[in-house]
Structures are given as C-alpha cells and as structure tokens.
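J.: Here it is, the structure, as structure tokens.
The values are calculated or read from the model by the stated rules, or taken from the named source; none is laboratory data. These numbers come from a predicted model, not from an experiment. Virtual Cβ from ideal backbone geometry, glycine too; neighbours counted across all protein chains shown.
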Amino acid sequence: MSGAGADRVFHALADTTRRDIVALVVQGEHSVSDLARRYPMSFAAVQKHVAVLERAGLVSKHRLGREQRVRGEVGTVREAHRVLDQIEALWQGRLGRIEDLVTSPPIPDSKGDTS
Amino acid sequence: MSVTSVEKDTESLTMTITAQFDAPSARVWQVWTDPRQLEKWWGPPTYPATVVGHDITPGGTVTYFMTGPEGDTHHGWWRVSAVDAPHHLEFVDGFADADGNPNPDMPVMNISVSLHEESGGTRMQVTTVFPTTEAMEQLAAMGMEEGMTAAMGQIDSLVMTESG
C-alpha cells in the first residue's frame, strides 16, 4: 500500500459509519439493504459509503440473486493497521531507550568491561 | 516505564503516545536537548542516529543522519518552533538529502512534546501530526526496523538465559 492507494484507505477509514461497515463485513458478508437498515440514513447514502470503501479496496461487492453483497477485504484492512502499528512500534522502541537513559546512573558509557 | 496510551486518529493523521517515566522532568528533558543523549534513542538500534547540528531554540535547527547496517545514511532535520524548558518542545521533523539540506519534495511531520511531573515521575506526551499518508508510510518503515530489533533482542536474551 503506498501513495494514492494509502490516501484512499485512510480517507475511507476516517468516517465512523464506514469504519463500522468495515468492522461488520470483515466478520461476514452483508447485503447493502442489510447495512442500510442498520444506519439512520438513506439507502443511497449507505450505498455511497460502500462505494468509497470499495474504491479504497477495503470491501468488495458481488451479486447474489437480487442482492448486492458486501464483503470485507481483510488484506487491505490489515495493511492500514500495519502502517499505524509500525509507527507505534517505532515509538515503543524510542520510549524504551529513553527509559533506559533516564533511569540509569548519569555516568557516560557505564557498560563495564568485566574481562 | 509504561506506555499509558497510544491514540491513532486516521482522520486527522495524528498519533499521540503517552508514557510515564520514573525520573524528574528535567532529566527527561535532557534526552531531547542533549545531542549525545538524543543519539542514544532517536534511531532504531540498527539505524543509530548521529546528531550533527543541535540548536534547541525557537527557529533553531537540529540536523542528524542515521546509519543503516550497509553503511547507508539517511539524513533528517528538525526546525524548532517552540521551547519551554523543561515542559514543552515543538518542532517540524523532515527528511534531507545526502548533504543534510532539507528535501522540499519530502513530507514533514509536526511533533509536539509535553512533560508533566506527576507522582514523583514524569508523564511525557508526544503528538505527531502527519501531512500525508505517504509520511506515515515512511515512518512506518522505521517502525519495521524496531520490530526486527525487538525480535532480535528477544533472541539475545533467550540465548543469554540459556547459557546461564
């Protein structure tokens, strides 16, 4: 995930309803009308949210009889989390080193050579 | 140390990390303002940082580079926007070319550090605002290094434990 793709993913996830839809359909397929019943908004509005998620690659749509089914794309969702988790890992590492610094005695290069 | 919270806001591209240290704020402040101490923690262990210029005053600049395992160097800079010792530091963090000159084509991040003394220790809050998801990707690559280092550290301590 990079550049424009990542921008679409994070833009798509910036909306509460869309995040909620992703969380739902990652666990199992839902029809668009199913989703529309869950939110206090028009069918067209929900359809629009699904379209944004689809463009970002976070969900995919397919037809089952007369129904439009929406399914979560687990790979893309994981990618988005991966970016944030890695930045968190960077800071966890930094904070661990700061901790070592501020709690060790103020002697530079105190690593003793015991040989 | 305990990381008390990590908040990731994908809407405003902001990450806020709060940690508690068992040291006075003046001591925690030094890790930001003493270049030799900054070198000990800014870069992942596989990409240690060398601080070249270090002027922590409003409008001042910090320049640094990180050296990778292949001897590859990655330059960066800070432009200090606010200083209130030992409580608050705010700066813009960006990428630079091989000569250390800011690269105008690369995104910059806004970092704000707050220190509060609390029950004998210091609570540090670091807020990073990313301009684009591209900037997040670039920083994520460094986080991947941390992940690998953490894994290697675990192996190290395992080996040390087993050999007694």
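J.: Can you name the strands (runs of 3 or more DSSP E) wholly within the stretch B:85-141 that have at least 1 residues being basic (Lys, Arg) and under 14 Å from the mean Cα position of the chain (by Cα)?
T.: Of the strands (runs of 3 or more DSSP E) lying wholly inside the stretch B:85-141, none has at least 1 residues that are basic (Lys, Arg) and under 14 Å from the mean Cα position of the chain (by Cα).
J.: Let me ask something else. Of these, A:Arg71, A:Arg82, which one is part of a strand (DSSP E or B) and either closer than 30 Å to B:Trp41 by Cα or more than 14 Å from chain B (Cβ to nearest Cβ) (or both)?
T.: A:Arg71
J.: Considering only residues that are surrounded by fewer than 16 Cβ atoms within 10 Å (Cβ to Cβ), within 14 Å of another protein chain (Cβ to nearest Cβ) and under 23 Å from B:Pro44 (Cα atoms), which ones fall in the stretch B:100-113?
T.: Scanning the stretch B:100-113 gives a single hit, B:Met106.
J.: Across the stretch A:52-89, what is the number of residues that are out of contact with any helix residue (DSSP H, G or I) (no Cβ under 7 Å at 6 or more places or on another chain), surrounded by 14 or more Cβ atoms within 10 Å (Cβ to Cβ) and among the hydrophobic types (A, V, I, L, M, F, W, C)?
T.: 1
J.: While we're looking at this one, here's another question. Determine the pairs where a residue that is at pLDDT 90 or above and among the polar types (S, T, N, Q), located within the stretch A:18-45, has a partner that is outside any helix (DSSP H, G or I) and surrounded by fewer than 16 Cβ atoms within 10 Å (Cβ to Cβ) with Cβ atoms under 6 Å apart, the partner being 6 or more residues away or on another chain.
T.: Pairs found: A:Ser31/A:Glu67.
J.: Give the residues of the stretch B:32-80 that are of a type in the set (Val, Ile, Thr) and under 16 Å from A:Leu90 (Cβ atoms), sorted by residue number.
T.: B:Thr46
J.: All but one of (1) farther than 16 Å from B:Val113 by Cα; (2) among the charged types (D, E, K, R); (3) within 14 Å of chain A (Cβ to nearest Cβ); (4) touching a residue at least 24 places away in the same chain (Cβ under 8 Å) hold for B:Arg36; which doesn't?
T.: Every listed condition holds for B:Arg36 apart from (4).
J.: Of B:Thr73, B:Thr57, B:Thr10, B:Thr4, which residue is loosely packed, with under 15 Cβ neighbours inside 10 Å and either at the interface with chain A (Cβ under 10 Å from one of its Cβ atoms) or modelled with pLDDT of 95 or more (or both)?
T.: Within the list B:Thr73, B:Thr57, B:Thr10, B:Thr4, the selection yields B:Thr57.
J.: Then there is this: Checking the conditions here, which among B:Val92, B:Val62 is within 22 Å of B:Ser114 (Cα to Cα), crowded, with 18+ Cβ neighbours inside 10 Å and touching a Lys or Arg at 6+ places or on another chain (Cβ under 9 Å)?
T.: One residue alone meets the criteria, B:Val62.
J.: Only residues that are out of contact with any Gly (no Cβ under 8 Å at 6 or more places or on another chain), surrounded by fewer than 18 Cβ atoms within 10 Å (Cβ to Cβ) and modelled with pLDDT under 85: list them for the stretch B:114-136, please.
T.: Listed by number, the residues that qualify are B:Ser119, B:Gly120, B:Pro131, B:Thr132.
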